[in-house]
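Here is the structure we will look at, set down as structure tokens.
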Amino acid sequence: SRSLVSIDSEGSYKPTSLFLFSVETREKRRLTSPPATTGSDSCPAFSPDGHTLAFTRYTSSGNGRLYLQTLSDDLKPIAEPEPLTPVGTAESAAWTLDGNEIIFCSPGISPGLWRTAVSKPAKPQKLAFAGGQVFEPAVSRQGNRLAYAVGRYDINIWRVDLHGPGGKPGNPVQFISSTQSDGQPSYSPDGKRIAFVSNRSGTFEIWVCDSDGSRHMKMTSFGGQLILGAKWSPDGQNIAFFTNPGDNNDIYVIGANGGT
């Protein structure tokens, strides 16, 4: 209890790193060094024995990945940090009492709480009881209780009639909705269909419906990537959108009736 780990930067437009601060002497010592132009470190969490620091390293596009930094007895970094989870999956780590596993949240593109072993490569397992946008897990010192925060939101697509009485716009009405997030609507060139982005299936995907808001059809199945855009081609035969599988930013195209 003589030190704190905090996030700090060494100047404007510099990536954030993790530093160790001595409560007694106010000495500041760097613990991590993310790539100068593509990363920043955040969300530190000490293992129960104090010899490993779990943290989230964010890429330039905002995707988080858990890393482990081994520390000496005097809390100095040993070697380079090792990645623990795939890119774009994790933040806010909490250690189990025995130090063998980490509980982490994935609030953005793969919402929920997850657990993974730290001693050997392991595929993270989702905890079924914690759905939705989950944040800041914390394990009790007895190891038998878990606290976490859940963010609730419901974003819908609305429509307004521009030719109301007297030429004034009518009242907005809810048009395309679910209990999750629906947004970025785009009419097809012939006005008969609407493309939009929604995570109503659990992850953000491209969806299409008829112009009256009926017959929703899921077009993509990326299963956890950031998706933006949903723009129709001039002939109405394709839909272009942005996504970043593997943290590589690209523009994709899919046929208006589905496909690869």
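Using the alpha-carbon centroid of each, what span in Å lies between the range 36-82 and the range 189-221?
Cα centres, the range 36-82 to the range 189-221: 39 Å.
State which entries of K28/K76; K14/K76; K76/K120 exceed 20 angstrom in Cα-Cα distance in the structure shown.
Cα-Cα > 20 Å for K14/K76; K76/K120; rest within.
Rounded to two decimals, what is Rg over Rh for the range 162-235 when you use alpha-carbon atoms and the Kirkwood radius?
Here Rg/Rh amounts to 1.03.
What percentages make up the Cα-Cα pair-distance distribution of the range 18-59 when the bins are 5 Å wide from 0?
Answer for the range 18-59: a P(r) of 6, 20, 23, 26, 17, 7, 2 percent.
Using each residue's phi in the range 180-189, evaluate 6.51 cos²θ - 1.76 cosθ + 1.60 at θ = phi - 60° and report the 3J(HN,Hα) Karplus result to the nearest Hz, with x for Gly and Pro.
After applying 6.51 cos²θ - 1.76 cosθ + 1.60, I find 10, 9, 10, x, 6, x, 8, 6, 5, x Hz.
With springs connecting C-alpha atoms under 10 Å apart, model the chain as a Gaussian network and identify which of P15, P111, P44 has the largest mean-square fluctuation.
Answer for the Gaussian network model of the chain: P15.
For L127, which sequence-distant residues (separation of 5 or more, or a different chain) have an amide H within less than 5 Å of its own amide H, given hydrogens modelled in the peptide plane?
L113, W114, R115
Restricting to Cα atoms and excluding each atom paired with itself, what does the Kirkwood estimate give for the range 192-260 in Å?
The Cα-based Kirkwood calculation yields 12.2 Å.
Using DSSP to define loop residues, name the trypsin sites (Lys or Arg not before Pro) in the range 3-51 whose beta-carbon has at most 14 other beta-carbon atoms within 10 Å.
Here the trypsin sites (Lys or Arg not before Pro) that fit, given the DSSP loop and packing criteria, are R26.
Give me the Å³ per residue figure for the convex hull around the C-alpha atoms of the range 1-148.
So the per-residue hull volume is 115 Å³.
For the ranges 46-57, 139-150, what's the packing order if you count other beta-carbon atoms within 10 Å of each residue, average per peptide, and put the highest first?
Most protected by this proxy first, the peptides run 46-57, 139-150.
May I ask you to list the lysines whose Cα is less than 19 Å away from that of K192, ignoring any residue fewer than eight positions away on the same chain?
Within reach: K218, K231.
Let me check I've understood the local charge: for R215, count other residues with C-beta under 13 angstrom from its C-beta, Lys and Arg +1, Asp and Glu -1. What total comes out?
Charge balance near R215 sits at +1.
I need the fraction of alpha carbon pairs in the range 1-81 separated by more than 22 Å, rounded to a whole percent.
21
What Kirkwood hydrodynamic radius do you get for the range 108-256 when you take the inverse of the mean 1/r over all pairs of distinct Cα atoms, in Å?
Kirkwood radius, the range 108-256: 17.9 Å.
Would you please calculate the Kirkwood hydrodynamic radius of the chain over all C-alpha pairs and express it in Å, rounded to one decimal?
21.0
Quick one: what do you get for the range 96-189 if you divide its Cα Rg by 2.2 N^0.38 Å?
In units of the 2.2 N^0.38 Å rule of thumb, it is 1.73.
No value in this document is a laboratory result; all are computed from the given coordinates. It should be emphasised that the depicted structure is a prediction, and the values quoted were computed from it without experimental measurement. A quick note on method: Cβ atoms are made from the backbone with ideal geometry, for glycine too, and the neighbour counts reach across all protein chains shown.
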